[in-house]
Structures are given as structure tokens and as C-alpha cells.
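What follows is calculated from the coordinates using simple rules that are stated; it is not laboratory data. Quick caveat, the model's predicted, so the values are computed rather than measured. Don't worry about glycine lacking a Cβ; one is built from the backbone with ideal geometry, like all the others, and counts go over all protein chains shown.
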Amino acid sequence: MAEQAGRTPEVAFHFGVPDRLHYALRFLRKALSRDARVVVTGPAAVLDELDRLLWIQDPQSFLPHLRARDAAAVPVRMAATPLQLLDQVWPHPDPAMLLNLHDSIAEGAGHYTRVVEIVSQALPEREAARRRWREYEGLRWSIVRHD
């Protein structure tokens, strides 16, 4: 997994959340309020549900976002959208943040300066997170834990 220009990405694990997608909504709202660009990746069904949740929020708290299967499907005029939900990630032109909702390390994660992992209290998610943690350690990435 390639790293961006010799920089070691930082991985932030957020453990023990009651609901992964609702926590992701709060996290994304906070990140975008700080002018961050965020790419979210995960299984198509999870991203579709997150997209649905983003649309049914209070109109006052709407987060501009784009849902696409892969970067090639993103129209040029939409590429600057600060929040992108993509089944497959790609090397981003600026070092955007990657929110990974897969049970494994996202392919291409090394192209981002920061990777965020959200882990619910469910045992299967915790076990998958432990495996990802060990993989990130093996890659010698900086890991931060948030409980």
C-alpha cells in the first residue's frame, strides 16, 4: 500500500460507538465545519444508507455530498465536492481525509494523510477493527485511539 510522498498516514480509531452511521454523520458534520475534505468508502449498501441519512437530515444541517461508485464516475464539475461517498478510493489530488467503513483496510488508503475508522460496540466490528489495527501497525502507520 503506497504512502503519500514519504509521509506516514495517521489512523484514528473511534471505538465503542453505539451506531456507526449516526456517529459518522456527526463526525462528518464536524469535519466539514472545519473545511476538511472527506472521502468515505465502504460497502455499497452501507454507503447507500449513509447517503440516505445525509438527505433526510434537517435541511439546516445539510452536508453537500456526492455518491459515486468510483472516481471515474465523478463529473469534473463535481470533483470539488467536500464530501464524497465512493465504493472505491483513488489517489486524491489533495491530502483529503479518508473515512473507512469497510471491515478491512481500504485499498488506496495510503494516499491519504489521515484515515478514520469507526468501530461500534458489536463484536464482529470490534474483531475486524483489531485485525485492521494489527495491519496498520505492520505498515508502521501512526495510530490514535479514541474511546
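Which residue, Q60, Q121, Q88, has the most motion in a Gaussian network model of the chain that connects Cα atoms within less than 10 Å?
Q60
Summarise the long-distance tail of P(r) for region 34-147 by giving the % of C-alpha pairs beyond 17 Å.
In whole percent, the long-distance tail amounts to 57.
Would you tally the net charge around L85, using a Cβ to Cβ cut-off of less than 9 Å, leaving L85 out, and scoring K and R as +1, D and E as -1?
On the way: positive: R67; negative: D48, D51, D87.
After counting each charged neighbour, the total is -2.
Just L99, L66, L53 to compare: in a GNM of the chain, with alpha carbon springs under 10 Å, which one fluctuates most?
Maximum among the listed residues: L53.
Based on the Cβ-Cβ distance of F15 and W90, what FRET efficiency does E = 1/(1 + (r/R0)^6) give at R0 = 41 Å, to the nearest 0.05?
0.90
Choose one answer from S120, S61, S104: the residue with the largest mean-square fluctuation in a GNM of the chain with alpha-carbon springs under 10 Å.
Among S120, S61, S104, the largest mean-square fluctuation in the Gaussian network model of the chain belongs to S61.
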